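A.B. asks: Pasting a structure here, questions to come.
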Amino acid sequence: MSALSKDAKVAVIGAGAMGAGIAQVAAQAGHPVKLYDNRPGAAAQAIDGIDRQLGRLVEKGKLGAEDRSAIVARLQPVEAIEALADSKLVIEAIVENLEVKRGLFQQLEALCGEDCVLASNTSSLSITSLAAGLKRPQQVVGMHFFNPAPLMALVEVVSGLATDPALSDSLYATSLAWGKKPVHTKSTPGFIVNRVARPFYAESLRLLQEGAADCATLDALMRDAGGFRMGAFELTDLIGHDVNYAVTCSVFAAYYGDFRFQPSLIQKELVDAGRLGRKSGRGFYDYAEDAERPQPANLSSTTNISTCVLEGDLGVAQPLVQRFKDAGIEITQRAGTGLLRVGDAVIALSDGRLASQRAKEDGLRNLVLIDLALDYTKASRLGISCSADTTPDALDQAVALLAKAGIAASRLSDSPGLAVLRTVAMLANEGADAVLQGVGSASDIDLAMRAGVNYPQGPLAWAGQIGIGNVLRVLDNLQAAYGEDRYRPSLLLRRLHAEGRAFHD
Ligand code: NAI
């Protein structure tokens, strides 16, 4: 199905942060756009704002002055909803309230032509419910943009139960023509991004609550080892804890209290205290001008390491071996189960078991576990944890080995799956369940997480690199360690592993 033709009239309702951004995107793509807000003067004000934004692009040489004028000329503020009668596509970005949005769509159905598409930018309401009771529910669809809409590439094209599939295809093609990266998704709570992203926040929050490490250390691990742009604490401080906590609560409630989505008490405490993040001057971090930013905790060592013994291979962490060699360390290779022996220490990649449990079960002394990294050839930091019997000397030798390759070691208390590994395993688990339930394809889920929340890698492709069997083992071990349903592995992971297949096969 083809994209909406460029001369098709587009209407955007709601001239707030999202509506203004969406109107700009549509006008930049060449459509005549009418912008309407029920607050008098708001639409004209928003168009002035867009003009100023575009002016900045002209100053930076990213947009021609003529293009700026042409875009602004295509944007028309209107003060009465009746002026939208000739629209082919209406996108609403008004207040997040089901009754108000449904009432608006009823009004539009009576006003606009039969072929007019009614799209909602809602991030949490059901498209199926929005369409219910309308005369033409097949014409209702979700078009979920991300903030700021002109910059963020992702559009979730959301189909409700009644949505005409040809219409979803047409909006997908239209989003592409608008320079966006669209994905198809079903109208389920959180759609793709707001559902699959939950563990990114939840696992860091849980580690913090359990005293595994402090905020600065956990954030640094997610950045320097995980390759994420921000850790969960700095990101939720930026989003605002009221907003992030409300999304978690709404997804948790919508999935009937599934513990996979359980909100965090420590985030609730922040909300209750009014520590909403940057916007209130304080969240997990203090944003006062004179406040000192806490630094991640690094272990240091003055020991010089020159040799180590590799037994088997380190799996996904194997590129570390080349880094150690490049740092001048002599490595002796033996057969074995994926261990690196340096001095008294035995180093291994976490498999989701506690270090002390693994040491006991596998008969290992002085065990030091390392965390997952996105790219072991480049990671500047790794999380580590130790078994209870690990001596200070053995820990020091492991830290010294990492330091020699330019890797800072940040210690967590003995926590199953450390920080990055458990987070990525849980992101992949949620993505897998979303695929299993037909919410989106594996490639759309990966694309959504990269384009919508800037993940360095799609969680399902990442799971493929780690190995589906390894991810499954981590989740099984997490579930055994906590005894909680929260960590239950998705049936799809188990099925793919049993069949020897990957997500993208
Ligand atoms: P906002 O509060 O900045 O703007 C909403 C605008 O809609 C206001 O200008 C208001 O006057 C107008 N409005 C309210 N009721 C109206 C009505 N009945 N008729 C006409 N205009 C009306 O809100 P924001 O952040 O732009 O969000 C709008 C929608 O986009 C919501 O559904 C929200 O869930 C969704 N969304 C928000 C994102 C965000 O990051 N802010 C991201 C993605 C979706």
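The values are calculated or read from the model by the stated rules, or taken from the named source; none is laboratory data. For clarity, every value in this text was computed on a predicted model and none was experimentally measured. Reconstructed Cβ throughout: ideal geometry from the backbone, glycine too, with neighbour counts over all protein chains shown. Side chains included, ligands, DNA and RNA excluded: accessible areas come from the protein's heavy atoms. Shrake-Rupley method; radii C 1.70, N 1.55, O 1.52, S 1.80 Å.
A.B. asks: Being open to solvent by 10 Å² or more (accessible area, probe 1.4 Å), within 13 Å of the ligand (Cβ to nearest atom) and not in a loop (DSSP other than H, G, I, E, B) is the filter here, so list the residues in segment 12-54 that pass it.
C.D. replies: Ala17, Met18, Ala20, Gln24, Lys34, Tyr36, Ala44, Gln45, Ala46, Ile47, Gly49
A.B. asks: Same structure, new question: Return yes or no: is Gly190 in contact (Cβ under 8 Å) with a residue 40 or more places away in the chain, in a loop (DSSP other than H, G, I, E, B) and crowded, with 18+ Cβ neighbours inside 10 Å?
C.D. replies: Yes.
A.B. asks: Quick one: which helices (runs of 4 or more DSSP H) lie wholly within segment 257-365 and hold at least 2 residues that are at positive phi and of a type outside the set (Gly, Ala, Ser)?
C.D. replies: none
A.B. asks: For Asp258, which of the numbered conditions (1) buried (at least 22 other Cβ atoms within 10 Å of the Cβ); (2) farther than 24 Å from Ser280 by Cα fails to hold?
C.D. replies: Evaluating Asp258 over (1) buried (at least 22 other Cβ atoms within 10 Å of the Cβ); (2) farther than 24 Å from Ser280 by Cα leaves (1) as the failure.
A.B. asks: Another question about this same structure. Kindly indicate whether any position in segment 364-379 is closer than 17 Å to Asp393 by Cβ, in contact (Cβ under 8 Å) with a residue 12 or more places away in the chain and of a type in the set (Gly, Ala, Ser).
C.D. replies: Filtering segment 364-379 for residues closer than 17 Å to Asp393 by Cβ gives 364-368.
When the remaining residues are screened for being in contact (Cβ under 8 Å) with a residue 12 or more places away in the chain, the result is 364-368.
Still in the list and also of a type in the set (Gly, Ala, Ser): none.
No, segment 364-379 contains no residue that is closer than 17 Å to Asp393 by Cβ, in contact (Cβ under 8 Å) with a residue 12 or more places away in the chain and of a type in the set (Gly, Ala, Ser).
A.B. asks: Could you identify the single residue in Ser204, Ser126, Ser175, Ser168 that is open to solvent by less than 20 Å² (accessible area, probe 1.4 Å), touching a residue at least 24 places away in the same chain (Cβ under 8 Å) and more than 19 Å from Val453 (Cβ to Cβ)? Talk me through it step by step, then tell me what you get.
C.D. replies: Values: Ser204 fails: more than 19 Å from Val453 (Cβ to Cβ); Ser126 fails: open to solvent by less than 20 Å² (accessible area, probe 1.4 Å); Ser175 fails: more than 19 Å from Val453 (Cβ to Cβ).
Ser168 is the lone residue from the list that is open to solvent by less than 20 Å² (accessible area, probe 1.4 Å), touching a residue at least 24 places away in the same chain (Cβ under 8 Å) and more than 19 Å from Val453 (Cβ to Cβ).
A.B. asks: Return the residues of segment 94-120 that are more than 8 Å from the ligand (Cβ to nearest atom) and part of a helix (DSSP H, G or I); say none if nothing qualifies.
C.D. replies: Leu98, Glu99, Arg102, Phe105, Gln106, Gln107, Leu108, Glu109, Ala110, Leu111
A.B. asks: With the requirement that a residue be closer than 16 Å to Val399 by Cα and without any contact (Cβ under 8 Å) to a residue 40 or more places away in the chain, what does segment 326-339 give you?
C.D. replies: Within segment 326-339, just Leu339 meets the criteria.
A.B. asks: Looking at (1) within 34 Å of the chain's Cα centre (by Cα); (2) surrounded by 13 or more Cβ atoms within 10 Å (Cβ to Cβ); (3) not aromatic (Phe, Trp, Tyr), which is the only condition Ala327 fails?
C.D. replies: Status for Ala327: all satisfied but (1).
A.B. asks: Name the single residue, out of those in segment 61-93 being within 13 Å of the ligand (Cβ to nearest atom) and of a type in the set (A, V, I, L, M), that is farthest from Ala3 (Cα to Cα).
C.D. replies: Ala80
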